[in-house]
Amino acid sequence: PEFEVQSMEIWVIASSLAARVGLETILREDPRFVIVGEGSRAGDPAQLVRRFRPEVVVMEGSDTSALLKLQSAVQGIGAPAIVLMTSALGRNDLRRVLQSGVRAVLPRDVAPAELAAAIESVCNGLAVITTEDLETLLPTSSEMTVGDELAAGEPLTSRETEVLSMMAEGAANKEIATRMKISEHTVKFHVSSILAKLGAATRTEAVSRGYREGLIVI
């Protein structure tokens with residue numbers, strides 16, 4: 001879905017000055033986002049977040065211990081939604097980060113439009129991870145019990161069923177976006193949701209389960 005966000009206050013924490021300036025420059029190009037706390041970079045990040053009370057913290061870096069410290073320190077103050085941009089995480093680190101309350105985990109080279117979409121999503125109460133990270137979290141075939149069927153979660157929406165049908169045709173995200181007249185990052189969110197609801201680790205497995213459960217009309 002496409003969300004409309006007005007004057008969202010954002011704090012940027014990065015592993016280097018160049019990375020911070022680059023992220024702030026990208027975010028300032030979107031009139032919906034306001035960078036707060038300019039000129040107040042010295043000091044403990046948790047104390048600065050407590051002072052400026054941003055609605056979203058965009059944090060770039062691979063130091064998950066610093067992230068967890070920040071998340072713990074800002075709890076209970078109308079804690080901001082944290083969007084983490086980092087290198088690929090293993091399953092245990094990814095689980096620990098998400099369990100700490102981080103709302104989005106993105107690669108460091110995420111496109112500006114996808115970063116904006118993630119910020120919009122967390123501001124609307126959603127969580128955002130890439131398809132690759134979702135596959136990391138899902139059990140492997142050897143970990144699944146024999147006879148596992150459709151995950152006992154929410155049913156697919158009509159939009160998700162439409163996306164699943166196009167996946168069965170072999171359509172890539174870009175083609176699905178064109179045919180449905182939606183953005184490619186929205187397609188990615190639909191695909192991630194489909195995989196989670198079907199308990200599938202890959203697109204191929206999702207399509208297979210879709211056929212088996214009668215979700216795809218031949």
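None of the figures in this text is laboratory data; all of them are computed from the coordinates on show. Since this is a predicted model, take the numbers as computed values, not measurements. No Cβ is skipped: glycine too gets one built from the backbone with ideal geometry, and neighbour counts run over all protein chains shown.
Add +1 for every Lys or Arg and -1 for every Asp or Glu among the other residues with Cβ under 12 Å from the Cβ of Ala81, and state the total. Around Ala81, the surrounding residues sum to -2.
Put simply, the amide H of Val128, placed in the peptide plane, has neighbours under 5 Å in Ala104, Val105, leaving out anything fewer than 5 places away on its chain.
What FRET efficiency do you get for Arg96 and Glu132 if R0 is 22 Å and r is their Cβ-Cβ distance, rounded to the nearest 0.05?
Numbers: r = 18 Å, r/R0 = 0.80.
Once rounded, the FRET efficiency stands at 0.80.
Excluding same-chain neighbours fewer than eight residues apart, the lysines reachable from Lys197 by a Cα-Cα span under 29 Å are Lys174, Lys181, Lys188. The modelled label-to-label distance between Ala88 and Glu169, using points 7 Å beyond Cα along the C-beta direction, is 3.1 nm.
If each residue of separation counts as 0.36 nm, what is the full-extension length gain between Thr25 and Arg212 once their alpha-carbon separation is subtracted? Mind dumping the intermediate values first?
Values: separation 187, 0.36 × 187 = 67.32 nm, distance 4.78 nm.
Extra length available between Thr25 and Arg212 comes to 62.5 nm.
Each 5 Å bin from zero holds the following percent of Cα-Cα pairs in segment 152-195: 5, 26, 38, 22, 6, 3, 0.
Taking 7 Å steps out from each Cα toward its Cβ at Ser65 and Ser7 produces label points 4.1 nm apart.
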